[in-house]
Amino acid sequence: MAFVRKQGKTKLMWLPWTTSHTASAGALVVWSSGYLVAASSTSAAHSIAGVIRHAIAATSTEYTTQSDVEVEVDVEKRVVWEGAVTSGLVVADRGLYCDLTDSVTVNRGGSTYDVVQVVKVISTTKGYFHLNIGPDGGVTS
């Protein structure tokens, strides 16, 4: 599953993509040496730029040629995003900060990088989140 905006204001920005890298549509993307790549379980929250709008496959132009990609970026605090969770999300998790398993999945059991904050539990594998990313990312107080 991907991150999908449910509530709040965002804007679309065209930002430079790293060649020879793939990403799923709706994946969180992170700055790396001046270009974007898909976020990982160890991506620092303050380095994450936003949510990529279109998939980048090995057959995509962006994969072989340096290009800009469309990224959805929060323009206000507390934008709500729906996302997948590895497993085990429960009501008691509301308000907690979590890490990523990969660029499209929240790791309910991790809290080192604090990339998302749980807002609502839809099921044990899906929830609503605030993205705790960008210049203020990783701050939980």
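Observations, loosely collected:
- Sole residue being farther than 19 Å from Leu12 by Cβ, β-branched (Val, Ile, Thr) and surrounded by 15 or more Cβ atoms within 10 Å (Cβ to Cβ), chosen from Thr112, Thr101: Thr101
- Residue check for Ser103: of a type in the set (Gly, Ala, Ser) and more than 14 Å from the chain's Cα centre (by Cα): no
- Enumeration of residues in the range 61-75 that are under 25 Å from Thr101 (Cα atoms) and over 16 Å from the mean Cα position of the chain (by Cα): Glu62, Tyr63
- For the range 29-74, a residue qualifies if it is part of a helix (DSSP H, G or I) and either touching a residue at least 12 places away in the same chain (Cβ under 8 Å) or surrounded by 18 or more Cβ atoms within 10 Å (Cβ to Cβ) (or both), and the qualifying residues are Ala45, His46, Ser47, Glu62, Tyr63, Thr64.
- Total residues in the range 123-141, condition closer than 14 Å to Val4 by Cα and exposed (fewer than 13 other Cβ atoms within 10 Å of the Cβ): 0
Since every read-out is calculated from the coordinates, none of them should be taken as a lab result. As the structure is a prediction and not an experimental result, all values here were calculated from the model. For neighbour counting, all protein chains shown are included, and Cβ atoms are generated from backbone atoms with ideal geometry for every residue, glycine included.
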